[in-house]
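Trainee: Attaching a single structure in structure tokens format; questions to follow.
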Amino acid sequence: MADDKELSSFISERDMQYTILDTRPDRGLLFVISGPSGVGKGTLRKKVFNVFPDLKYSVSANTRPPRKGEIEGKDYYFVTVDEFKKMIKENKFVEWAIVHGDYKGTPIQFLIDELLKKGRDILLELDVQGAMQVKEKFPDGIFIFIAPPTWKDLEDRLRKRNTEGESALEKRLKDARIEIKYKKNYNYLVVNDNIKTALKKIESIIIAERCKIANYKK
């Protein structure tokens, strides 16, 4: 194996001073965490930002009432149905969907400003419908599907949350059976059987994607 002196003869002085961070393209990376309701997306998203504070988070608009502890402008923008429909007509969403009877959408301007203009990496937390819409517009995004370890685990988590009545709960479970079938359309699958383990897997995905040669200028 060549020693450092021999190796340096193959590398110009200019290349030795090469700073890899300067070769990232102007466009940032788009990470999307998605999966059925109750699988732990929100908890994982918050923990990911503790590890990667440089990631940018796009706050979604939502027509459902705030849950206990949710903060306007941090967890969601809580709007009325009429306000949401007006935003749809004005093409202000990169994705929107009616999820469990409520409207949810991601403002497009944030992605344009942060991802395309400033070249910053963004993390979105979306339902499956929204993730598939984003994938149509941003096919190069990194899509991570969060799955429950078992169907019973998902049902137990939703019941323990105690945020909906029985009919709303049954609808979420019915939707989840359909949503899980879409995992084949994602780049990565993370089973949330343990929050620390699931977080480590997401950390690894983000680090690996940031290190990919394909994500750097030639």
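Trainee: Within the range 65-87, track down each residue that is more than 17 Å from residue 107 (Cβ to Cβ) and of a type in the set (Lys, Arg).
Mentor: Passing the criteria: 67, 68.
Trainee: Tell me, please, whether a residue that is closer than 17 Å to residue 30 by Cβ, surrounded by fewer than 18 Cβ atoms within 10 Å (Cβ to Cβ) and either touching a Ser or Thr at 6+ places or on another chain (Cβ under 6 Å) or free of Cβ contacts under 8 Å to residues at least 60 places away in the same chain (or both) can be found in the range 49-68.
Mentor: Yes, the range 49-68 has at least one match.
Trainee: Would you confirm, using the coordinates I've provided, whether residue 173 is in contact (Cβ under 8 Å) with a residue 12 or more places away in the chain and either farther than 20 Å from residue 30 by Cβ or basic (Lys, Arg) (or both)?
Mentor: Values: in contact (Cβ under 8 Å) with a residue 12 or more places away in the chain: yes; either farther than 20 Å from residue 30 by Cβ or basic (Lys, Arg) (or both): yes.
Yes: the conditions hold for residue 173.
Trainee: Next up: Could you list all residues from the range 179-218 that are part of a loop (DSSP other than H, G, I, E, B), touching a helix residue (DSSP H, G or I) at 6+ places or on another chain (Cβ under 6 Å) and closer than 19 Å to residue 141 by Cα? Can you show your working first?
Mentor: Filtering the range 179-218 for residues part of a loop (DSSP other than H, G, I, E, B) gives 186-187, 192-194, 212, 216-218.
With the extra rule that they be touching a helix residue (DSSP H, G or I) at 6+ places or on another chain (Cβ under 6 Å), the set shrinks to 192, 216-217.
Matches in the range 179-218: 216, 217.
Trainee: Among residues belonging to the range 174-190 that are aliphatic (A, V, I, L, M) and surrounded by fewer than 17 Cβ atoms within 10 Å (Cβ to Cβ), point out the one that is nearest to the chain's Cα centre (by Cα). First the steps, then the outcome.
Mentor: First, the residues of the range 174-190 that are aliphatic (A, V, I, L, M): 176, 178, 180, 189-190.
Checking the rest, the ones that are also surrounded by fewer than 17 Cβ atoms within 10 Å (Cβ to Cβ) come to 178, 189.
Numbers: 178: 19, 189: 13 Å.
Step by step, filter the range 174-190, then rank; the result is 189.
Trainee: Which condition does residue 47 not pass, out of (1) of a type outside the set (Val, Ile, Thr); (2) modelled with pLDDT of 85 or more; (3) farther than 28 Å from residue 213 by Cα, if it passes all the others?
Mentor: Tallying (1) of a type outside the set (Val, Ile, Thr); (2) modelled with pLDDT of 85 or more; (3) farther than 28 Å from residue 213 by Cα, residue 47 fails exactly one: (3).
Trainee: Could you please tell me which pairs satisfy a Cβ distance under 8 Å, a separation of 6+ or placement on different chains, a first residue in the range 189-218 that is closer than 22 Å to residue 128 by Cα, and a second residue that is surrounded by fewer than 16 Cβ atoms within 10 Å (Cβ to Cβ) and among the hydroxyl-bearing types (Ser, Thr, Tyr)?
Mentor: Partner pairs satisfying both residue conditions: 195/43.
Trainee: Then there's this: Test residue 147 against the criterion of being buried (at least 17 other Cβ atoms within 10 Å of the Cβ) and either closer than 29 Å to residue 195 by Cβ or among the β-branched types (Val, Ile, Thr) (or both), and give yes or no.
Mentor: So residue 147 passes the test.
Trainee: Further, regarding this structure: Just give me the residues in the range 81-113 being polar (S, T, N, Q) and in a strand (DSSP E or B), in sequence order.
Mentor: Matches in the range 81-113: 106 only.
Trainee: Take the conditions at pLDDT 90 or above and of a type outside the set (Val, Ile, Thr) and apply them to residue 55. Does it pass?
Mentor: On the way: at pLDDT 90 or above: yes; of a type outside the set (Val, Ile, Thr): yes.
Here the answer is yes, as residue 55 does meet what is asked.
Trainee: While we're on this one: How many residues does the range 73-112 contain that are farther than 17 Å from residue 63 by Cα, without any contact (Cβ under 8 Å) to a residue 24 or more places away in the chain and surrounded by 14 or more Cβ atoms within 10 Å (Cβ to Cβ)?
Mentor: The qualifying residues number 1.
Trainee: Continuing with this model, one more query. Identify all residues within the range 54-80 that are in a strand (DSSP E or B) and within 21 Å of residue 44 (Cα to Cα); write none if there are none.
Mentor: 56, 57, 60, 61, 62, 72, 76, 77
Trainee: Output the number of residues of the range 133-178 satisfying the condition of being in contact with a helix residue (DSSP H, G or I) (Cβ under 7 Å, 6 or more places away or on another chain) and of a type in the set (Val, Ile, Thr).
Mentor: Adding up the residues that qualify gives 3.
The values are calculated or read from the model by the stated rules, or taken from the named source; none is laboratory data. Since the structure is predicted, the reported quantities are computational estimates derived from the model, not experimental observations. Glycine gets a Cβ as well: all are built from the backbone with ideal geometry, and neighbour counts include every protein chain shown.
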